[in-house]
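The values are calculated or read from the model by the stated rules, or taken from the named source; none is laboratory data. Everything quoted here is computed from the prediction, not taken from an experiment. Positions of Cβ are backbone-derived with ideal geometry, glycine not excepted, and every protein chain shown enters the neighbour counts. Side chains are part of the model used for accessible areas, which takes the heavy atoms of the whole protein and leaves out ligands, DNA and RNA. Shrake-Rupley method; radii C 1.70, N 1.55, O 1.52, S 1.80 Å.
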Amino acid sequence: MSYVDGFVIPVKTSDKQAFIDHARKADQLLIDEGALRIVECWAEDVPEGKQTDFYRSVDRQEGETVCFSWIEWPDKATRDKAFAKMMESPELMAIAVPFDGKRMIFGGFTPLVVLEKSNG
């Protein structure tokens, strides 16, 4: 793995299933364009901080939680090509988005340390 996109997304708790449905459709399109792995996580043990936290990062509103997600790519070039294609995709644009994308935070990262448990 040599490139990762990370996301923190505000989602209404009542829209959990809609978020799952959206992720399954949109994420499959990204897999088809070269993503190696996509993980979508729903907040479970996310404390509220005194100065900053996941909730404040997206200006959480009443009745919302946060989702933490990432996409693993083989390289940045594959990611850039896939994202460019996705932004022109009528299929992607037709998928209803069950969250406020204006408050989502995201960014692309180059991994510095990757540790994995071996199967031996």
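Key figures
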item	result
Filter result (within 26 Å of PRO74 (Cβ to Cβ) and either of a type in the set (Lys, Arg) or part of a strand (DSSP E or B) (or both)) within the range 1-22	TYR3, VAL4, ASP5, GLY6, PHE7, VAL8, ILE9
Filter result for VAL113 (closer than 22 Å to SER2 by Cα and either of a type in the set (Gly, Ala, Ser) or in contact with a strand residue (DSSP E or B) (Cβ under 9 Å, 6 or more places away or on another chain) (or both))	no
Residue match in the range 38-50 (condition: in a helix (DSSP H, G or I) and either open to solvent by 90 Å² or more (accessible area, probe 1.4 Å) or touching an Asp or Glu at 6+ places or on another chain (Cβ under 7 Å) (or both))	no
Hits in the range 67-117 (condition: among the polar types (S, T, N, Q), in a loop (DSSP other than H, G, I, E, B) and either open to solvent by less than 90 Å² (accessible area, probe 1.4 Å) or closer than 21 Å to ARG56 by Cα (or both))	SER89
Qualifying positions in the range 8-19 - surrounded by fewer than 16 Cβ atoms within 10 Å (Cβ to Cβ) and under 20 Å from MET93 (Cβ atoms)	ALA18
